Amino acid sequence: MKYSRLFLPTLKEVPAEAEVISHKLLLRAGMIRKLASGLYSYLPLGLKSLRKVEKIIREEMDRAGAQEVLLPIVQPSELWRESGRWEHYGKELLRFEDRHGRASCLGPTHEEVITDIVRKEVRSYRDLPLNLYQIQTKFRDEIRPRFGLMRGREFIMKDAYSFDVDDEALEKTYQVMYKAYCRIFERCGLDFRPVEADTGSMGGHASHEFMVMSNTGEDQIACCTSCNYAANVELAPVIQSPHHQNAESVNHQITKVSTPGKRSVKEVTEFLGISADHLVKTLIMIADDRPVAALIRGDHELNNIKLKRFLGVETLNFADEATVRSVTGAPVGFSGPAGLSKGLKVVADQDISTLKNFVTGANEPDAHFTGVNWNRDIPVPEFADIRVITEGDPCPNCKGKIELKRGIEVGHIFKLGTKYSASMGATFLDDTGEKQPAVMGCYGIGVGRTVAAAIEQNHDENGIIFPISIAPFEVIISLVNINDNLMSKAAEDIYNGLLAQGVEVLLDDREERPGVKFKDADLLGIPLRIVVGKRLKEKDEIEIRSRGTGNIISVKKNEAVKKAVEILR
Ligand code: ATP
Ligand code: MG
C-alpha cells in the first residue's frame, strides 16, 4: 500500500474526549473515529488490526473443533421470554418494535438464538458435542460507554456456544476452550492472566475471565503473592481472619453520643477518635423491590455481587433517602442495626461477628452509639461473606497474602449447564433413548477490546508499538525524499521485493518532511521501519529500525528485503 493513497487521517493533538492511552492512540493513529457515544467506525488501519485478531481467533477456534456461523443481530422477544431474560436483562438490552408491532431486541449476546437452532436440529447424542461460534456485532446500551473500543455500545465479539451430553463432556470442551483462549491471547502478543470470575446474568457454574494486565483496566483482580490463585474481586471469597478480631475482653456500656453532621466513616471515626475497624456501617439497600440492611466494618466495602447471590436477587441498589428514613427513622448517615423497622432483613459481614464495643448509627439524626455489643444491644443477624476482598487478606487457596491488580477483561468463558437448554427445550436422546437437556458452555472475546488492550500494553510516548501478529502493516518504508530518483527507485524495489515475499508493507511516498514521516511511523507502531535516505547515496545502504527495541541496523540496499524478512519471521 502507498501511504499517499491510504485513507489515514492522523492527529497531532491528543483528542480531549479520550481518557485512556489506547483510545487516544487509536484516534491519533487514524484507526477509528467516533460516530456517537459508544459507536465507533473503523478506518482502514484500524480494520486491518481488527481483522488480524479475528484471523487468529478463527484459526484457533477452528483448530479447537468449533465451527463458524453467523446469527442475526435482531432477535425476537419471544425467545428472550422463553429464557426468562426479556424481563430480567436490564436496560443494556435495546428493545424495540418493528413496523408490525413485534417486540424485538438487538442481540447483546446470542444464547437464545443458538439454543433455538440447536433445539430444532439436534436430535441424538450422536449429534454432540457441537461447538458453534461467530464473529459479529453486539449491541449493549451500556450506562457509561467509555475508553473508546474498550466499552462501546456497539462492538464486535467472538461468541461461541458448546453443547455436550453431560457435565463431564462439558468439562472437556471447557478445557479445550481454555487452552484455545490462552493460545489466542499469546498469539496476540498480550501479557494476560486467566482468573476465576463471577457468572453474572449468564447463570451457570464456573467461569474464567482472561485479563490483560494493565493499570487502566476496569476490573480488579485479587492475586496471591505466594501461589497462582487469581480471581476477580467480584468473586474472590474472604477467609475470616483471626488477625482482625477485636480482642477486648470487657463489654462496655452502650452509650448514645452526639455526632452533629458526622455521616461518613471518615467523619465519625475522626470525631470519635476511633479507627474505622471499630465502626459498623449500616447500608440500606433495595434488593429487587425489598429493602434490606447490610452491616459492614467501617474499613471494608460491600460486595454487591456476593450479597446479591446470598439474597438470591437480580438487582441490588442503594436505597433512596425516603426509604432510608422510613426503615431507620433517620436521615442517611445515621443508620444503625438497633431499632430498625420490624421485619427488615439484616445481613452482616462475617468479619463483624467477632467485634465488641463497636460504634453504629443510632437511627436518629446527629447521633451514634458507642460500646455496642451483639445480643445485649442488637439481635445477632445472619452472617455471611459479603465484603470485597482487600490487599493483605489471606489467600483463599494457600497461606499467602492477597494483592490487588488491575486488568482488562478481553475474554470470558462460562460453564452454563442447562440454564438455556432446559428452559428452551434443547434436548437430545441419550444412548438409552431418554430425553436430556444439552449441557452448554459459552465463550466470548471482545475483538475490538483486544486491539485496545494490546495498545494499552504496548506503547511509548511516541505512539503504538504493535505486536507483529496484529500490526496493520509489518513494515513501513520511509522514503526520505520522493523527488530523489535514486531513493525513489530503491524504495520501490524494496517495496516490490517485500510484497513478493508476502510481507505487508506500507510505502511512505508522501510529499512530507522526513521528520513528519518518522513521527507518523512511530505513532502507527508498525514493527519495522526501513529508511531510504542519505545513506543510500553515500554507501548504498538503508536502515532497518525496530519500533519495539529501537535497534537500528544498516544493510546494503540489495540485502534489505532478505534482512527484513529474516527479522520478521
Ligand atoms: P464487562 O464486565 O466488561 O461488561 P461482560 O462480562 O459483560 O464484560 P461478556 O458478556 O462476557 O462481557 O462478553 C464477552 C466479552 O465481550 C468480554 O470479555 C469483553 O471482552 C467484550 N465486551 C463486553 N462488553 C463490551 C463492551 N461494552 N465493549 C467492548 N467489548 C465488550
Ligand atoms: Mg458487561
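Summary of values
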{"item": "Residue-level accessible surface for THR173, protein heavy atoms, 1.4 Å, Å²", "result": "20"}
{"item": "R0 of 41 Å, Cβ-Cβ distance ASP540-ASP98: FRET efficiency to nearest 0.05", "result": "0.05"}
{"item": "Estimated distance in nm for a label pair at ILE286 and LYS2, the labels positioned 7 Å out from Cα along Cα-to-Cβ", "result": "6.4"}
{"item": "Aspartates and glutamates whose Cα lies under 13 Å from that of LYS281, excluding same-chain neighbours fewer than 8 positions away", "result": "GLU267, ASP299, GLU301, ASP349, ASP351"}
{"item": "Computed E for CYS227/ASP431 - FRET, C-beta separation, R0 51 angstrom, nearest 0.05", "result": "0.80"}
{"item": "Long-range HN-HN contacts of LEU94 with modeled amide H, under 5 Å", "result": "LEU106, ASP141"}
{"item": "Cysteines not pairable in the chain (beta carbon separation under 4.7 Å absent)", "result": "CYS105, CYS182, CYS188, CYS223, CYS442"}
{"item": "Span from the segment 64-137 Cα centroid across to the segment 437-490 one, whole angstrom", "result": "33"}
{"item": "Helix 485-500 axis, angle to the chain major axis (alpha carbon atoms, nearest 10°)", "result": "60"}
{"item": "Estimated vicinal HN-Hα couplings, Hz - segment 462-471 in sequence order (Karplus 6.51, -1.76, 1.60; Gly, Pro = x)", "result": "8, x, 6, 10, 5, x, 4, 5, 10, 5"}
{"item": "Accessible surface of the chain [probe 1.4 Å, protein heavy atoms]: carbon and sulfur percent", "result": "50"}
{"item": "Approximate spin-label separation GLU13-VAL69, in nm, with each point projected 7 Å along Cα-to-Cβ", "result": "4.9"}
{"item": "Total formal charge among the other residues, if their Cβ is under 9 angstrom from that of SER83, Lys/Arg +1 and Asp/Glu -1", "result": "0"}
{"item": "Nearest 10 degrees, 0 to 90: helix 514-524 Cα axis against the chain principal axis", "result": "40"}
{"item": "Hz values of 3J(HN,Hα) by residue in segment 274-288 - Karplus curve (6.51, -1.76, 1.60), Gly and Pro given as x", "result": "10, 8, 4, 7, 9, 10, 10, 8, 10, 9, 8, 10, 10, 9, 6"}
{"item": "Nearest-0.05 FRET efficiency for ASP127 and CYS182, computed from C-beta distance (R0 41 Å)", "result": "0.90"}
{"item": "All lysines inside 20 Å of LYS489 as judged from Cα atoms, apart from same-chain residues fewer than 8 positions distant", "result": "LYS2, LYS517, LYS534, LYS537, LYS539, LYS556, LYS557, LYS562, LYS563"}
{"item": "Residue-normalised accessible area of the chain, given per residue in Å² at a 1.4 Å probe", "result": "45"}
{"item": "Nearest-ten-degree value, helix 167-187 long axis tilted from longest Cα axis of the chain", "result": "50"}
{"item": "Cα-projected label distance for GLN501 with ARG406, points at 7 Å along beta-carbon direction, nm", "result": "4.0"}
{"item": "Average Cα contact separation per residue, the chain, under 8 Å, 6 or more apart, as relative contact order %", "result": "17"}
{"item": "In sequence order, calculated HN-Hα J values of segment 351-359 (Karplus, 6.51, -1.76, 1.60; Hz; x Gly/Pro)", "result": "6, 9, 5, 9, 6, 10, 6, 9, 9"}
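The values are calculated or read from the model by the stated rules, or taken from the named source; none is laboratory data. Worth saying up front: this structure is predicted, and the values here are computed from it rather than measured. Heads up, the Cβs are rebuilt from the backbone with ideal geometry, glycines too, and the neighbour counts pull from every protein chain shown. Ligands, DNA and RNA are excluded from the accessible area calculation, which covers all protein heavy atoms including side chains. Shrake-Rupley method; radii C 1.70, N 1.55, O 1.52, S 1.80 Å.
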